[in-house]
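Q: Submitted below is the structure of interest, expressed as structure tokens.
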Amino acid sequence: MDRRQFLAAAIGALAGRSVRAQPDCDFADCKLPPINPGHIDAGKAGRFERPAGLTKRPLWSKLSIPEKARLFSTLQKAYQRMSRMCPRDPRSLAFQAWLHQYYCCNHKASHARSFPGAATNIHNTSDFLPWHRAFLFFHERIIQGVSGNKDFRLPVWDWESPCGFQTPWPYDSMPLPVVPCKCSPRRETVAPITPFCLQEWLTSGSFDEFAGPPGPVSASGAKPGCATLGPHSSVHISLRGYMGQVAVAAIDPVFYAHHANIDRYWEYWRSLYKGRPGFKEHWPDSSEYYFYDGFHHWEKPRLVKVTPCELLDIGALGYCYDPPTLTMPGWKEVCAKPAGETLLSFDKSSFDILSPFLSTTASTGLSAHSRVGGQDEKQALAARFSIGIPNPQPAFYDVAIANPAGDSPVPVGGFAAFVERDAELTPFCSGSCVISLMPDRIRTLIERSAPFQLMYALAPDEPDENLPHQRTSDRADVKWVAATPPVSFEFLVPETPSSIRA
């Protein structure tokens, strides 16, 4: 037993409950307890009451040991009660997970539409950020009421901190509701998320590129926003367990600590671009979200209606964050041009811009760490690409470039696809990645303006928590598949070579 496990076990024993790991299984689809509240009378939904005062949501890495112990006590008391409540009770952890499933997954014909006009599959739309902000806000209020701690604020798992690759230890032993099936154990570490990865994730000042398009992506043909990709998806997929499946992710309490950091970085992104010429937010006016508010009424929460514009000022919601300490360099975009329906090419002028970054150092294959910004940064450039993937799985994907015939693919990057397991035929479009360069081969490709195509393959699964380096190019069984439209590829080049590792 390591120090982390010892601390969790010791404090758990003091709180009167032993540490309980998630059961082991074959990672089959998990389903929530039967929850079907039927049609809800939205006409009776009221407006939520804004809190008085302002309290900071704490960063996990900045808390002292006594503060972490007190936080553990509050969380355990709350989730112990919430996990034992009837699943139909809006305060229960099972109902909270169902609410996330209802808004974040596609509604099937067999599923009742409980809320009128509810957006579906919001991970792919501009509803993603404001809906999750509201979800955390009302979840926090439920914990305040159930625990009796009115001053409680959700902790922020700041996974970008030096030791942030480890999940906060209190969440390794939180009580969970009984579900109809078992799920594979959640991992306790993720691949390190570095400043380089964060810079690329936040670099877009376009509302649609970062926040996402209005309406279902499958209907609009647009790609999902960068906000739902990058660290958001990579943390979910890295952890596996309930967190690795959209339909049940919110049943794991660490979900809320993870999304508190996504909310924090959304606030930081807005601070970067608000007021800049040409920047304009256009949140969907027609979106309405329904939640149960336990503020002053935790024993009988009220149904309330919230719109995106009511959620933009976090100060008015009663909380704030310590902002990230991150330097954002200026970027130049070097875009590949269409050379056919699925083929792309860089013109020779691109070489002049990229040559300072295409070092002659030894080539590297794609590793697990490079998918989320790891230790290969000396040989990395930020890039953004879009590829169509029919029937995507919730997993890591590696991406390669190959000649028009699909021969000799060169791994250049990857991304996490946090999608439903039954994602139908809707193509998945990745909007961001960090690529690990094979400089000589990419240099030749650009110098010759040779046409190329993007290919993808399921990345190897790393079963242990150390996430060892396993190169896609070293695997004899790798099956590269040509991407389907839409396809695009561009480098994001810092204004000066020295800023590549800010």
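The values are calculated or read from the model by the stated rules, or taken from the named source; none is laboratory data. Keep in mind it's a predicted model, so treat the numbers as computed, not measured. Using ideal geometry, Cβ is built from the backbone for each residue, glycine included, and neighbour counts are taken over all protein chains shown.
Q: Can you name the residue in region 157-173 that is under 17 Å from THR325 (Cβ atoms) and of a type in the set (Asp, Glu) and is also modelled with the lowest pLDDT among such residues?
A: Across region 157-173, the extreme among qualifying residues is GLU160.
Q: Considering each residue of region 297-315, count those that are part of a loop (DSSP other than H, G, I, E, B) and over 25 Å from the mean Cα position of the chain (by Cα), and give that number.
A: 5
Q: Okay, next question. Quick one: would you say ARG276 is more than 25 Å from the chain's Cα centre (by Cα) and either within 28 Å of PRO231 (Cα to Cα) or surrounded by 16 or more Cβ atoms within 10 Å (Cβ to Cβ) (or both)?
A: Answer is yes for this residue.
Q: Taking region 328-351, which residues are on the phi > 0 side of the Ramachandran plot and under 29 Å from the mean Cα position of the chain (by Cα)?
A: none
Q: Any residue in region 281-294 that is touching a Cys at 6+ places or on another chain (Cβ under 8 Å) and not acidic (Asp, Glu)?
A: Checked region 281-294: at least one residue is touching a Cys at 6+ places or on another chain (Cβ under 8 Å) and not acidic (Asp, Glu).
Q: Could you check region 369-382 and list, in sequence order, the residues that are crowded, with 22+ Cβ neighbours inside 10 Å and either of a type outside the set (Val, Ile, Thr) or modelled with pLDDT of 85 or more (or both)?
A: Matches in region 369-382: SER370, ARG371, GLY373, ALA380, LEU381, ALA382.
Q: If you go through region 143-185, how many residues are β-branched (Val, Ile, Thr) and part of a loop (DSSP other than H, G, I, E, B)?
A: 3
Q: Within region 191-209, identify whether any single residue is farther than 24 Å from LEU59 by Cα, touching a Pro at 6+ places or on another chain (Cβ under 8 Å) and touching a residue at least 24 places away in the same chain (Cβ under 8 Å), and answer yes or no.
A: Looking through region 191-209, none of the residues is farther than 24 Å from LEU59 by Cα, touching a Pro at 6+ places or on another chain (Cβ under 8 Å) and touching a residue at least 24 places away in the same chain (Cβ under 8 Å).
Q: Moving on to the next point. Identify, from the list SER473, SER430, the residue that is in a helix (DSSP H, G or I) and modelled with pLDDT under 70.
A: When all the criteria are applied, what remains is SER473.
Q: Give region 329-348 a look and list any residue that's assigned to a loop (DSSP other than H, G, I, E, B) and crowded, with 16+ Cβ neighbours inside 10 Å, or say none.
A: PRO329, ALA336, ALA339, THR342, PHE346
Q: Scan HIS232, HIS296, HIS236 and give me the residue that is surrounded by fewer than 16 Cβ atoms within 10 Å (Cβ to Cβ) and either touching a residue at least 24 places away in the same chain (Cβ under 8 Å) or not small (Gly, Ala, Ser) (or both).
A: Sole residue among the options that is surrounded by fewer than 16 Cβ atoms within 10 Å (Cβ to Cβ) and either touching a residue at least 24 places away in the same chain (Cβ under 8 Å) or not small (Gly, Ala, Ser) (or both): HIS296.
Q: Here is a follow-up. Quick one: is THR307 among the hydroxyl-bearing types (Ser, Thr, Tyr) and under 30 Å from MET82 (Cβ atoms)?
A: yes
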